[in-house]
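The values are calculated or read from the model by the stated rules, or taken from the named source; none is laboratory data. Computed from a prediction, not measured in an experiment: that's the story for all the values here. Heads up, the Cβs are rebuilt from the backbone with ideal geometry, glycines too, and the neighbour counts pull from every protein chain shown. Just the protein is used for accessible areas: all its heavy atoms, side chains included, with ligands, DNA and RNA removed. Shrake-Rupley method; radii C 1.70, N 1.55, O 1.52, S 1.80 Å.
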Amino acid sequence: MLIDLPVHEFIQEMKSDSPAPGGGSASALVGALSAGLGIMVTNLTTGNVQYAGVEGRIQELRTELESVLKDLERYVDEDTFAFNDVMAAYKLPKGSDEEKAIRRDRIQSGMKTAAELPLLVAESCLRSLTASVELLRIGNSNAASDAAVSGRLAYAALWGAVYNVRINLGSIKDAEFNRDKRAQITALLAKGEGLTLELSRLADEKMP
């Protein structure tokens, strides 16, 4: 499993001439780093008398980020699995009309999964970004830079995931599926942009 590799080995896998793991797995990993940093900020805030008034909300944010982290760690490998399934479908025989139909259907099914997986990554990254903004607002001010970095990583990973959705949509012939997924990524990016602007504003206040 990619997620179980030491950092150096993961990087070696990433830089190889194999197309997977690629941008999708990298985006999931960066999103996981964002969530991990956010959890660190909750830990640095919890138990501090200066932040006793927000202790309950900080615990809620920690629970949310733990869930996000768990999902994104899983997506690191699932994105690569989805890509490998598509590659396997392209290798199916195509000697007869029946074989061609089976191969075509398998490719289209695989491409849809390959598009849906990074969309899940993008949704998880938006959750991490949302939590990061709130942590920057109410969390331990000594960890303001960590909350800000968490948010920036989440936004970068959100975009990375969206790019992977888009590249796969280009090979999918289902027009309704394409419209639906493109509407979803447009909404995610709009929310992400708004949150990132707020993150920047808060960071300027916390770190003049």
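For the range 162-194, enumerate the residues that are touching a residue at least 40 places away in the same chain (Cβ under 8 Å) and open to solvent by 40 Å² or more (accessible area, probe 1.4 Å). Working first, answer last.
Of the range 162-194, the ones touching a residue at least 40 places away in the same chain (Cβ under 8 Å) are 162-165, 168-169, 171-174, 177, 181, 184-185, 188, 191-192.
Selection gives TYR163, SER171, LYS173, ASP174, GLN184, LYS191.
On the basis of being under 19 Å from the mean Cα position of the chain (by Cα) and at pLDDT below 95, does ASP77 make the cut?
For ASP77, the condition - under 19 Å from the mean Cα position of the chain (by Cα) and at pLDDT below 95 - is met.
Restricting the search to the range 7-17, which residues are open to solvent by 70 Å² or more (accessible area, probe 1.4 Å) and assigned to a loop (DSSP other than H, G, I, E, B)?
Once the filter is applied, which keeps residues that are open to solvent by 70 Å² or more (accessible area, probe 1.4 Å) and assigned to a loop (DSSP other than H, G, I, E, B), the range 7-17 yields LYS15, ASP17.
Conditions (1) open to solvent by 60 Å² or more (accessible area, probe 1.4 Å); (2) among the aromatic types (Phe, Trp, Tyr); (3) on the phi < 0 side of the Ramachandran plot, marked per residue:
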residue: ILE39; (1), (2), (3): no, no, yes
residue: GLN59; (1), (2), (3): yes, no, yes
residue: PHE83; (1), (2), (3): yes, yes, yes
residue: GLU98; (1), (2), (3): yes, no, yes
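Go through the range 121-147 and give me each residue that's open to solvent by less than 40 Å² (accessible area, probe 1.4 Å), of a type in the set (S, T, N, Q) and farther than 19 Å from ASP71 by Cβ.
The one that is open to solvent by less than 40 Å² (accessible area, probe 1.4 Å), of a type in the set (S, T, N, Q) and farther than 19 Å from ASP71 by Cβ: ASN140.
Give ALA28, ALA35, ALA20, ALA89 a once-over and let me know the one that is outside any loop (DSSP other than H, G, I, E, B) and in contact with a Phe, Trp or Tyr (Cβ under 7 Å, 6 or more places away or on another chain).
Within the list ALA28, ALA35, ALA20, ALA89, the selection yields ALA28.
Assuming ILE102 fulfils every condition listed in (1) without any contact (Cβ under 8 Å) to a residue 40 or more places away in the chain; (2) under 23 Å from SER150 (Cα atoms); (3) of a type in the set (Val, Ile, Thr) apart from one, which condition is it?
The single condition ILE102 does not satisfy is (2).
Within the range 41-55, which residues are open to solvent by 50 Å² or more (accessible area, probe 1.4 Å) and assigned to a helix (DSSP H, G or I)?
Within the range 41-55, ASN43, LEU44, VAL49, GLN50, ALA52, GLY53, GLU55 meet the criteria.
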